[in-house]
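Below is one structure, written out as structure tokens; comments come after it.
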Amino acid sequence: YQALVQRINAVEAMANVTVLCFDKTGTLTRNHLQVISVTPLNDSPVEASLTRYLGALSTQNSTAAAIAAHVGSVEDTSAEKRRELAFTSTRKWGAIEFGDGVLILGAPERVLPPDHPALKMAADQSAEGLRVLAFASAERLNGDNLPGERRALALITLQDEIREDTRATLAEFAAQNVRLKVISGDNAETVRHIAEKSGMTIKLTYTGDQLTAMSDGEFESAAWDGDLFARIEPDTKRRLIAALKHRGAFVAMVGDGVNDVPALKEAHLALVMNDGAAISKDVGDMILLNNAMSTLPRTLAEGRVITQTIYATSKIFLVKCLYSIVFFLLA
């Protein structure tokens, strides 16, 4: 079945799942990012600045690797670096400070000034299912916060490929009355487009900022009613899983990154992609060796066969015990 079971009752637990939560990247899509375009927002040499930024990164994630492949060869510029703020799912941006300024890369709504006209362009591209990043510069970092005065340099548009078997897999879960919920750190319009293209019906969407502003009761209702959650931070993702459990759902979580670990630990059943982070595989109950959710419907069916066999055997022993008690009383 292309699944490595790390907890002995994981297959049987799969049979009890009523809500399946998953990320967009690496689950609905292949996580093979490709840069479509780099749109300059002023007359500055964008590729030279991008090359400098990428060359100074301590570690390259899949996004940085895709941009590096687009711009060509990247030289090591770490000697020029004074300080680095790594990109995180909570911050939604990363920055590197050099002697002559700061370069910033991240979500457009975080990096660009609030009134910048490029935000509309980014929103339109996100609505088409594309991933959009903003590249900007500043004079100096403001501690661990974004600099107040930022100069927009470019919009970087990337595309990820949807898995061929995603639509059929999600349809099988829907036929088994398993509720599906997408929890992602990406832009809401991007995730909605990918989810709907994968065959999901999205009725209610919530963002991380909306959820943070809710009371506990409102948060729990939103977690239960919502189909898609975007710009979600790791702790909010964990709270969503906890709220679903509080409503009586048996929750399975599919993830692959470090930011998924709190939610994976909170879920009743943790399902992890084989090419995911080592720490996520350590906490996973089952590892999907082929990195595809298409394995899960077969696991669900196998788990239900095992469960039904256990129930049937239990009934036989129950009847046997009842007959033994009756015969004992009669004797």
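Within region 161-173, residues that are within 14 Å of R30 (Cβ to Cβ) sit with their Cβ atoms under 8 Å from residues that are charged (D, E, K, R) and open to solvent by 100 Å² or more (accessible area, probe 1.4 Å), at 6+ positions apart or across chains, in these pairs: I162/K197. Restricting A168, A134, A122, A154 to those that are out of contact with any strand residue (DSSP E or B) (no Cβ under 8 Å at 6 or more places or on another chain), not in a loop (DSSP other than H, G, I, E, B) and not basic (K, R) reduces the list to A168.
Is one or more of the residues making up region 86-96 in contact (Cβ under 8 Å) with a residue 40 or more places away in the chain and more than 23 Å from the chain's Cα centre (by Cα)? Yes. Filtered by the rule that a residue be in contact (Cβ under 8 Å) with a residue 24 or more places away in the chain and part of a helix (DSSP H, G or I), region 194-223 gives I194, A195, K197, G208, L211, T212, F219, E220, A223. When L228 is tested against (1) modelled with pLDDT under 90; (2) aliphatic (A, V, I, L, M); (3) buried (at least 17 other Cβ atoms within 10 Å of the Cβ); (4) over 17 Å from G106 (Cα atoms), just one condition goes unmet, and that condition is (1).
Tell me, yes or no, whether region 287-298 has at least one residue that is closer than 23 Å to E233 by Cβ and outside any helix (DSSP H, G or I). No, region 287-298 contains no residue that is closer than 23 Å to E233 by Cβ and outside any helix (DSSP H, G or I). Cβ separations smaller than 8 Å between residues 6+ apart or across chains give the following pairs from region 248-267 residues that are farther than 12 Å from F22 by Cβ and touching a residue at least 24 places away in the same chain (Cβ under 8 Å) to residues that are of a type in the set (K, R) and surrounded by fewer than 24 Cβ atoms within 10 Å (Cβ to Cβ): A249/R179; P262/R238; K265/R238; E266/R238; E266/K245. For beta carbons closer than 7 Å, sequence separation of 6+ or different chains, a first residue in region 281-296 that is among the acidic types (D, E) and a second that is open to solvent by 10 Å² or more (accessible area, probe 1.4 Å), the qualifying pairs are D285/Q6; D285/R7.
Tell me, please, whether a residue that is β-branched (V, I, T), assigned to a loop (DSSP other than H, G, I, E, B) and either modelled with pLDDT under 90 or exposed (fewer than 13 other Cβ atoms within 10 Å of the Cβ) (or both) can be found in region 41-64. Yes: region 41-64 contains one or more residues that are β-branched (V, I, T), assigned to a loop (DSSP other than H, G, I, E, B) and either modelled with pLDDT under 90 or exposed (fewer than 13 other Cβ atoms within 10 Å of the Cβ) (or both). Screening T299, T201, T207 for residues that are hydroxyl-bearing (S, T, Y) and either closer than 23 Å to H32 by Cβ or under 16 Å from the mean Cα position of the chain (by Cα) (or both) leaves exactly one candidate, T207.
The values are calculated or read from the model by the stated rules, or taken from the named source; none is laboratory data. Note that the structure is a prediction, hence the values are computed from the model and not measured. Cβ: placed from backbone, ideal geometry, glycine included. Neighbour counts: every protein chain shown. The protein model used for the area step is the full one, side chains on, heavy atoms only, and it has no ligands, DNA or RNA in it. Shrake-Rupley method; radii C 1.70, N 1.55, O 1.52, S 1.80 Å.
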